[in-house]
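The values are calculated or read from the model by the stated rules, or taken from the named source; none is laboratory data. Keep in mind that what you see is a predicted model, and the values were worked out from it rather than measured. Cβ coordinates were reconstructed from backbone atoms using ideal geometry, including for glycine residues, and neighbour counts include every protein chain displayed.
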Amino acid sequence: MSSSRPASAAFLRALRRTTTSTAPLAVRHASRAAAAAAAAAATPLLRPAAAAAACHSTFSSVSPDEVEHFNALAAEWWDPHGSSRLLHLMNPLRHTFIRDCLASQPDAPSTPARFLDVGCGGGIFAESAARLPDTTAVTAIDPTPGVLAIAKGHARRDPALRGKLEYRAATIETLPVPAAAADRYDVVSVFEVVEHVSSPAEFLARCAPFVRPGGWLVGSTIARTWMSWLTTNLIAEDLLGIVPKGTHDWRKYIDADELRAMFAGAGWETPRVVGVVYMPGLGWREVRGSEKVGNYFFGVRRARNDVD
């Protein structure tokens, strides 16, 4: 995808500084996965006001098993050659995607000022967002204590992040929603999160009230296909071991059409979806149409007139 607005030299310089120096189970679980997919596709996102009110319920999108899994990987988070290597390599493309989303709207700022990073992990994206020249504040939340401790410790190494980057031990359900629309966020990010929560539609609904009118909810996830099982489960986890075993559950992947349905008629504009592919030796690249078979980015803008 090409941007209609060229990035400034300052933005590109800041972005460069952010980079770090057999059949699937689906055969046995096809009916269960299909039922889950149908339910997700049939459940549009709550409108932001309704989602904010629902935050007083006892629902939690967090899976204890997922927290335990990522807690065990905490020490490796900032090793660019370790288990998080693919996330480090993907990070520059995340920023490119956000810039392209913003450039698609003539009334949008060239760069966002306020970020909320949900499921921030060790802070790979949160730190890089805080280093962008026009960023005023990044709030990053995660429920995994070991990973969050790593994120905070790494951020303390850079004095320039003080006052711009705040980590909180929280989930989207426990984080207070800002009362005024002006205090909400230009970008709410959920990178590599949706496929790890217990109820994607409800989780995304809980994120909605944090996005200011005209702001963006952006993220990434994986389509539920034979190809994605082959690449993420069999090759990446079982054969090559470049991703820790147990990181991905193929049954929790979400097809792009299912994701689009979650945003239908709920105060959002049409989602932007872009497939991304990891190419050995080249890194991650946008590949048109690949969202139908594997990893993809998505971005959806909250309607400017959608004020709760």
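Among the residues of the stretch 261-276, those that are out of contact with any strand residue (DSSP E or B) (no Cβ under 6 Å at 6 or more places or on another chain) and outside any loop (DSSP other than H, G, I, E, B) comprise A261, M262.
Figure legend. Inter-residue proximity from the stretch 166-180: first residues closer than 16 Å to P143 by Cβ, second residues in a strand (DSSP E or B) and at pLDDT below 95, beta-carbon distance below 9 Å, spacing 6+ or different chains. Indicated pairs: Y167/D142; R168/D142; A169/D142; A170/D142; T171/D142. Candidates in the stretch 181-222 are the residues that are of a type in the set (S, T, Y) and farther than 17 Å from D142 by Cβ; of these, the one that is surrounded by the fewest Cβ atoms within 10 Å (Cβ to Cβ) is S199. Inspection of the stretch 114-128 finds a residue satisfying the criterion of being of a type in the set (V, I, T) and within 25 Å of V276 (Cβ to Cβ).
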